[in-house]
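Only one structure is covered here, and it is reproduced in the block below.
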Amino acid sequence: MAASVSTRITERPRSVPDGSPPLPQRLVHQLLADAERDRGDLREQARARAVEERERYARLAADVASALHELRGFLGATSSAHAPDPDGPDEVLAAVARRFASALAQAGVHLDDPLGRPYAEVAPYVDVGHAPAAGEASELVIGRTVRPGVRLHDGTWIRRAQVLLEPRKEPGEQSRTKGEERA
């Protein structure tokens, strides 16, 4: 009879040699490292494109807001000068102004025209082009909006309103001025 030899398999941790891993592991390691580097590069490119597109969107919003403000100012000045003509150029321009306003609203762009509001209320959001020499901030109001402020849908101000200040008029003072203009 043959002697029975029993073979026993033992599991022991094997040490990994120092330096580079054996060929298959090195290849997998290199592929994973390259893939991670590529993902990082793509992330950076996507972030850069997103920032660029947001800046382009903000510039467009600011330019359209300024054009709309100027158009509304023109329409306000010409409509008081003569009787409205339903088929005239003023009505066409008014329709264009409404379309601009609608497009800005749909894009989440808000215009801030602080005309007539107290300066103290809007001071953090406006740049002052002119202020009367005398008077405290609490006695000043926005007399004219040179350029409206523009705010995006997320609340980010991309441009502050530029305004001209004037002293606050008392109600009796305004009516006297209007009466003097009629005379």
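Overview of results
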item	result
Protection-proxy order for peptides 53-63, 141-151, each taking the mean of Cβ atoms within 10 Å per residue, highest first	141-151, 53-63
Sum of side-chain charges, Glu55 neighbourhood, beta-carbon under 15 Å (Lys, Arg +1; Asp, Glu -1)	+2
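Coordinate-derived values only; no laboratory data. Note that this is a predicted model, so its numbers are computed, not measured. Cβ atoms come from the backbone with ideal geometry, glycine included; neighbour counts cover every protein chain shown.
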